[in-house]
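This report concerns only the one structure given below.
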Protein chains: 2
Amino acid sequence: MARRLSAEDRAQTLAPLLSAEHGAWALVDGRDAIKKTFVFADFNRAFAFMASVALSAEKMDHHPEWFNVYNRVEVTLSTHDCQGLSARDIALAAHIDAAATSLSK
Amino acid sequence: MARRLSAEDRAQTLAPLLSAEHGAWALVDGRDAIKKTFVFADFNRAFAFMASVALSAEKMDHHPEWFNVYNRVEVTLSTHDCQGLSARDIALAAHIDAAATSLSK
């Protein structure tokens, strides 16, 4: 069972995501969740990103909420079990950022 | 350049989608678009469906707007070029329904 990030966890692991130099995650209004929008060259690249994230998500048994139209993918992360942000979201965010970076080259 | 479906097109090709026996598409409020929600056994199946649709979409050079969370995929179809429904949406809807059927077995 996942548990919500503590105040200390948030300072240590969430804060860096919210202030990343190369595109930050943002808190979602009215919900303990984070979101980020990724824009790629075209649909081919956007879906390659989604496929990469899907494999990581399935392996981690933790899945994103996401919306895609053409070259844009809007990702929201939160943990159903604890109705808020957990360490799983921080871990998945790292995989997502890595996938986006490798596909934006 | 795509053109919007005429009244005659709508009666002949859109109406059947809106009244399909095995799960109908619905018109979107305030927009000339159609939507449908697909639910699968799990994320693996839902993403397999998305991968299948992505290949068709890329081949047709016509892409869906879609939202996924775990086993649920919400698809919206409309044509950017003509700001409304075109024959491309009807064709893509057929591919999408076929993919969903084959992955729900």
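The values are calculated or read from the model by the stated rules, or taken from the named source; none is laboratory data. Since we're looking at a predicted model, the values are computed, not measured. FYI the Cβ positions are ideal-geometry reconstructions off the backbone, even for glycines, and counts take in every protein chain you see. Heavy atoms of the whole protein, side chains included, go into the accessibility calculation; ligands, DNA and RNA do not. Shrake-Rupley method; radii C 1.70, N 1.55, O 1.52, S 1.80 Å.
I'm checking my understanding of the structure. Among residues of segment B:37-60 that are at the interface with another protein chain (Cβ under 8 Å from one of its Cβ atoms) and buried (at least 17 other Cβ atoms within 10 Å of the Cβ), which one is nearest to residue A:46 (Cα to Cα)?
Per the criteria, the residue is B:54.
Write out, first by first residue and then by second, each pair whose Cβ atoms fall under 7 Å of each other, whose residues are 6+ apart or on separate chains, and whose first residue, in segment A:33-61, is hydroxyl-bearing (Ser, Thr, Tyr) while the second is in a helix (DSSP H, G or I) and surrounded by fewer than 19 Cβ atoms within 10 Å (Cβ to Cβ).
Cβ pairs passing all conditions: A:56/A:95.
Quick check on segment A:78-90. Is at least one of its residues more than 12 Å from chain B (Cβ to nearest Cβ), open to solvent by less than 10 Å² (accessible area, probe 1.4 Å) and part of a helix (DSSP H, G or I)?
There is at least one residue in segment A:78-90 that is more than 12 Å from chain B (Cβ to nearest Cβ), open to solvent by less than 10 Å² (accessible area, probe 1.4 Å) and part of a helix (DSSP H, G or I).
Look through B:63, B:95 and report the one residue that is away from chain A (no Cβ under 14 Å) and crowded, with 16+ Cβ neighbours inside 10 Å.
Testing whether each residue is away from chain A (no Cβ under 14 Å) and crowded, with 16+ Cβ neighbours inside 10 Å leaves just B:95.
Which of the numbered conditions does residue B:45 fail, given that it passes all the others? Conditions: (1) part of a helix (DSSP H, G or I); (2) within 16 Å of the chain's Cα centre (by Cα).
Unmet for residue B:45, out of (1) part of a helix (DSSP H, G or I); (2) within 16 Å of the chain's Cα centre (by Cα): (2).
Looking at A:9, A:29, which is the one that is of a type outside the set (S, T, N, Q), away from chain B (no Cβ under 11 Å) and part of a helix (DSSP H, G or I)?
Result: A:9 is the single residue among A:9, A:29 that is of a type outside the set (S, T, N, Q), away from chain B (no Cβ under 11 Å) and part of a helix (DSSP H, G or I).
Can you pull out the residues in segment A:67-77 that are crowded, with 23+ Cβ neighbours inside 10 Å and at the interface with chain B (Cβ under 9 Å from one of its Cβ atoms)?
A:68
Could you please tell me which pairs satisfy a Cβ distance under 7 Å, a separation of 6+ or placement on different chains, a first residue in segment A:76-105 that is modelled with pLDDT under 95, and a second residue that is open to solvent by 60 Å² or more (accessible area, probe 1.4 Å)?
A:81/A:1; A:103/A:45
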